[in-house]
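What follows is one structure encoded as structure tokens, with my remarks underneath.
Rule-based calculations on the coordinates, nothing more; no lab input. Predicted, not measured: the structure shown is a model, and the values here were computed from it. Please note: Cβ atoms are built from the backbone with ideal geometry, for glycine as well, and neighbour counts cover all protein chains shown.
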Amino acid sequence: AGRILQIRDLTTGFVTEKGIVKATDKVSLQLEKGQTLCLVGESGSGKSVTALSIMRLIDYAGGMVLEGSIEFHGKDLAQIGQDELRKIRGDKIAMIFQDPMSALNPVFTIGDQIAESLRLHRGLSDSAAWKEAVELLRLVGIPDPALRAKQYSHELSGGMCQRVVIAIALACRPDLLIADEPTTALDVTVQAQILDLLRNLKDELGMSIILITHDMGVAAEMADRIAVMYAGVIVEEGTVQEIFNNPSHPYTVGLLQSIPGLDGDRGKELFTIQGSIPGLGQIPTGCRFHPRCPHAMDICRSQEPSDYWITQDHRAACWLFEDNKVNKSNQRKVKG
Ligand code: SF4
Ligand code: MG
């Protein structure tokens, strides 16, 4: 395999009237070739900002990378200029968002939009680009692709439009696809079809995927690894099996208990984590989760926990695991 992405201590912020407010704080993540990493958490947890920072699109949203590195194929995206970044964005990293309609241009046919991307990024001629556009529509499972290519986005359903957006993203043959809540706007059946499509394309094309979702059910189906974010930090990270079989951070435990029907106990009232996620610039002292945590201790209110190992390959930032055997036997630093 090989590592495609290594993020270390990524701290980002936005300029406000009151000065710079941090949006993510020392986020460290890694992604192997051909794998899917799911970033999960409630909205406002910093998932989208993390994704935008990888492509440095945060620069256009009034934000900036304050600290840390984003090594992609060994190159630090935090350090390079916008010209070089634009090339990487078009060539190696593609991003898709929640609302497919806003990503499509209503005045061009969908075939033209895909062909345009192919001319731009792969230098294809007009006729070759059109042929390849139809091929891509076929690849993403659109029936009668030659006919559909001549249609406009308003003639297609939401699910079909998201397939088109995926086709456009694939036009540059990305090594990394970042998908921010790509199925949230779609109904359940279509959602399952799009997730299937992403999984198949990943296997077929050998891409890596960062999938952002607030839905633990989606993460369960898609992820190789899961990183749980809360208030701008990663509170727990591990393999999908570890996160679901051995959830350790109280926030992750709360998220899992909020999934309807997961334990088959339909009559049971859904657990909801009390309180709400703090806003930017209102981060609590100590552990950011302490105002909502059922296990909060004195130390939690004053000191931010470090990452502790749950197993050799599973970490949680929570004081409850300070004395965990794995940490005592394993002195190496978590973030590496
Ligand atoms: Fe709860 Fe303390 Fe762990 Fe934070 S560090 S999640 S407050 S037990
Ligand atoms: Mg978001």
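Computed extension gain for Ser102 through Thr285, at 0.36 nm per residue and net of the alpha carbon distance, reaches 62.0 nm. With R₀ fixed at 22 Å, the C-beta to C-beta distance from Lys18 to Leu66 puts the FRET efficiency at about 0.90. The GNM of the chain, with springs linking C-alpha atoms under 10 angstrom apart, assigns the highest mean-square fluctuation among Tyr230, Tyr60, Tyr152 to Tyr60. Take the Cβ atoms of Lys75 and Glu42, set R0 to 41 Å, and the FRET efficiency comes out at 0.80. Loop-resident trypsin sites (Lys or Arg not before Pro) (DSSP state other than H, G, I, E or B) in the range 132-221 with no more than 16 further Cβ atoms inside 10 Å of their Cβ: Lys150. For the pairs Lys18/Lys75; Lys22/Lys75; Lys18/Lys87; Lys18/Lys325, note any where the Cα-Cα span goes beyond 32 Å. Too far apart for the 32 Å limit: Lys18/Lys75; Lys18/Lys87; Lys18/Lys325. Across all directions, the shadow cast by the convex hull of the range 1-96 built on its C-alpha atoms averages 6.5 square nanometres. Taking every pair of alpha-carbon atoms in the range 190-236, what share in percent sits in each 5 Å bin, from 0 to the bin with the longest distance? Binned Cα distances yield the sequence 5, 18, 28, 24, 13, 9, 3, 0. Both numbers refer to the Cα atoms of the range 93-173; Rg and Dmax are 11.2, 31 Å. Every Cα-Cα pair of the chain was included, and the share exceeding 25 Å stands at 54 percent.
What FRET efficiency comes out for Lys87 versus Asp126 if R0 is 25 angstrom and r is the Cβ-Cβ distance? Round to the nearest 0.05.
0.65
Here is how the number arises for the chain: DSSP H runs of 4 or more residues each give -39500 (n - 2.57), the sum is divided by the residue count, and the result at 222 nm is -9500 deg cm²/dmol.
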